[in-house]
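The values are calculated or read from the model by the stated rules, or taken from the named source; none is laboratory data. These numbers were taken from a predicted model, which means no experiment stands behind them. Don't worry about glycine lacking a Cβ; one is built from the backbone with ideal geometry, like all the others, and counts go over all protein chains shown. Accessible surface is based on the protein model in full, side chains and every heavy atom, while ligands, DNA and RNA are left aside. Shrake-Rupley method; radii C 1.70, N 1.55, O 1.52, S 1.80 Å.
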Amino acid sequence: MDITWPVGAAALEGEQRRLAALTPAGWRPDDPASVLAAGCFVAFVRGEQGPGRPGDRCWGGAALVRRGLLVAAVAVPGVAGASYVPGLLALREGPALEAAVRALPVRADVLLVDATGRDHPRRCGLAVHLGAVLGVPTVGVTHRPLRAEGPFPADRRGATAPLVLDGEEVGRWVCTRRGVRPVAVHAAWRTDVTTAVEVVLAVATGARTPEPLRQARVAARTARSSAGGGGRLRAAGPGATPP
């Protein structure tokens with residue numbers, strides 16, 4: 001299946017609707033604790049708060065983790081394809097994330113993406129789209145939902161609470177560590193909500209952010225600093241998960 005990154009909002013919206021209507025075979029690990037999990041993240045040069053601009057310099061980071069141990073990490077320079085618009089994050093970050101994940105030395109069993117999945121007006125957030133492009137099961141992990149709503153779970157590791165959009169559970173709040181804000185976990189490409197939660201809890205080994213995503217963020221930010229990009233990630237969208 002030839003899936004790429006459309007140029008322009010109208011073309012992306014059409015592709016999102018097409019991908020959302022597909023029914024690929026579901027994926028579920030035999031043992032979530034032993035999966036080779038990748039994470040990916042984009043860091044931008046420090047700038048004014050807001051949606052950014054096409055051509056903004058960025059670094060896509062990707063990392064592989066198994067049983068809490070870092071297997072490999074890479075960072076690839078790139079440029080943003082567009083400003084950030086809710087629901088159209090793929091225009092801004094899609095190619096950079098794809099390049100970073102493809103630079104990893106081996107293929108992951110599952111990919112954690114700093115973006116939403118089915119929590120999206122067309123049920124195809126960047127986590128779904130990236131998984132379809134790469135042919136890898138994906139899970140979205142963000143700081144907050146895009147459209148879905150639901151109360152926080154109890155403050156204990158492993159507690160969850162539904163995130164619902166138009167009457168459908170598209171993700172869950174997940175408490176990965178006691179005493180910190182839960183993360184929003186999203187069903188995405190070939191994963192349902194239950195599988196997404198199982199994977200996140202299996203690979204969240206201490207920090208609030210699951211380890212593959214945390215290591216990808218480190219790789220992207222380290223590459224940015226080495227290149228003189230400096231500063232913090234520009235805030236935009238539901239992603240940008242903090243520590």
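What the table below lists for this structure:
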quantity	calculated
Close pairs from region 58-76: first open to solvent by less than 20 Å² (accessible area, probe 1.4 Å), partner of a type in the set (S, T, N, Q), Cβ under 6 Å, at least 6 apart	63/215
First in region 10-25 and surrounded by 15 or more Cβ atoms within 10 Å (Cβ to Cβ), second anywhere and in a helix (DSSP H, G or I) and not aliphatic (A, V, I, L, M), Cβ under 8 Å, 6 or more apart	15/129; 16/129; 19/129
Qualifying residue in region 80-93 (condition: among the charged types (D, E, K, R), within 22 Å of residue 210 (Cα to Cα) and open to solvent by 10 Å² or more (accessible area, probe 1.4 Å))	yes
So residue 39, is it touching a strand residue (DSSP E or B) at 6+ places or on another chain (Cβ under 7 Å), part of a strand (DSSP E or B) and in contact (Cβ under 8 Å) with a residue 40 or more places away in the chain	yes
Residue that is nearest to residue 138 (Cα to Cα), among those in region 94-110 that are surrounded by 17 or more Cβ atoms within 10 Å (Cβ to Cβ) and not aliphatic (A, V, I, L, M)	109
Region 174-184, residues that are without any contact (Cβ under 8 Å) to a residue 40 or more places away in the chain, surrounded by 17 or more Cβ atoms within 10 Å (Cβ to Cβ) and out of contact with any helix residue (DSSP H, G or I) (no Cβ under 6 Å at 6 or more places or on another chain)	175, 176, 177, 182
Number of positions in region 149-173 that are in contact with a helix residue (DSSP H, G or I) (Cβ under 9 Å, 6 or more places away or on another chain) and part of a loop (DSSP other than H, G, I, E, B)	2
Tabulated pairs, region 191-203, first under 17 Å from residue 169 (Cα atoms), second surrounded by 21 or more Cβ atoms within 10 Å (Cβ to Cβ) and among the charged types (D, E, K, R), C-beta under 7 angstrom, 6+ apart or interchain	193/172; 197/172
Hits in region 204-213 - residues which are open to solvent by 10 Å² or more (accessible area, probe 1.4 Å) and either under 15 Å from residue 40 (Cβ atoms) or among the hydrophobic types (A, V, I, L, M, F, W, C) (or both)	207, 211
Sole exception among (1) out of contact with any Lys or Arg (no Cβ under 7 Å at 6 or more places or on another chain); (2) assigned to a strand (DSSP E or B) for residue 54, by number	(2)
Residue pairs meeting the criteria (Cβ under 7 Å; at least 6 apart or on separate chains; first under 13 Å from residue 183 (Cβ atoms), in region 123-150; second modelled with pLDDT under 95 and of a type outside the set (Val, Ile, Thr))	142/238; 142/239; 143/238; 143/239; 143/240; 143/242; 144/238; 145/238
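Condition check ((1) more than 18 Å from residue 34 (Cβ to Cβ); (2) modelled with pLDDT of 95 or more; (3) over 16 Å from the mean Cα position of the chain (by Cα)) across all residues:
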| residue | (1), (2), (3) |
| --- | --- |
| 116 | yes, yes, no |
| 130 | yes, yes, no |
| 153 | yes, yes, yes |
| 162 | yes, yes, yes |
| 173 | yes, yes, no |
| 192 | yes, yes, no |
| 197 | no, yes, no |
| 207 | yes, no, yes |
